[in-house]
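Report on the structure given below.
The values are calculated or read from the model by the stated rules, or taken from the named source; none is laboratory data. In this text the structure is predicted, and so the values were computed from the model without any measurement. No Cβ is skipped: glycine too gets one built from the backbone with ideal geometry, and neighbour counts run over all protein chains shown.
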């Protein structure tokens, strides 16, 4: 009877051991879960010791070990956006559009988006000032609203349309400078970019501006048309001047050619007259010259003319027969 009793005692001890082992494993697992933490990409873990008030930062992606009583807060340092816009009543972004006044007193609503991120090296300092991780609500958004209102107030309503790029640049520069000057944000916030999405003005004002712009465009178009017509007229006048100069030059050249031809013809005619007069003798040169001139005149009026001249005691007859336009005559002996 002693053997079964001993077996029963061993079995009970084994069961107790197994139970204790299971409890130990569970406790170890729970303890390990409490002591091990993790952070992902673009995340930082701020580990806080409530007993000593010490803090340290672990940048992800990473697993880390902490004391069981320590806790940690995960902070994202990737690119975030601060959206202020309104599309319709009740429909807006993270915050509604910034309502402000222009220099000439018109109400404007500014839609704007700021892309920013945390400097991972300054996460701990930022957490010290904003343990609720609400730096966007408590610091960034109020700063942006103030800057937008101040800058828009320095422009007229028309200038907000014409100088949109300039306004966007000024807002970005002023916002970055304001962050640097703010002690709780200095060097902890990095602005990646600012998008000035829209500056919405009253509907009546926009209609008036559009009408004015349309009128100005029509005036510019008319001015351009008038300038084009003036240029075309000048070009036509220049072409006419050039053409007239060319024609005048051509006329001069033609006149020179005709004068030269006339001179050649006159020389040839004079030579012909000289020979005829030599053949007829010098006594009646004047009469012969008159007859020759008469012949040429009649030729020009009526065409070819034959004149018979007599000379000498025997009454020699000399016919003068023109041959076309050559200006030369056949002289009969």
Checking the structure you have, find out if any residue of segment 185-206 is part of a helix (DSSP H, G or I), modelled with pLDDT of 85 or more, assigned by TED's automatic domain parsing to the domain that holds residue 162 and touching a strand residue (DSSP E or B) at 6+ places or on another chain (Cβ under 8 Å). no
Kindly indicate whether residue 78 is exposed (fewer than 13 other Cβ atoms within 10 Å of the Cβ) and within 22 Å of residue 189 (Cβ to Cβ). yes
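Somewhere in segment 91-114, is a residue farther than 28 Å from residue 156 by Cβ and modelled with pLDDT under 95?
Looking only at segment 91-114, we keep the residues that are farther than 28 Å from residue 156 by Cβ, and these are 91, 94.
Right, trim to modelled with pLDDT under 95 and you get 91, 94.
Yes, some residue in segment 91-114 is farther than 28 Å from residue 156 by Cβ and modelled with pLDDT under 95.
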Does segment 128-139 contain any residue that is in contact with a helix residue (DSSP H, G or I) (Cβ under 7 Å, 6 or more places away or on another chain) and either over 30 Å from residue 57 (Cα atoms) or at pLDDT 85 or above (or both)? yes
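Among the residues of segment 166-184, how many are within 20 Å of residue 209 (Cα to Cα) and at pLDDT below 95?
Going through segment 166-184 one residue at a time, the tally reaches 0.
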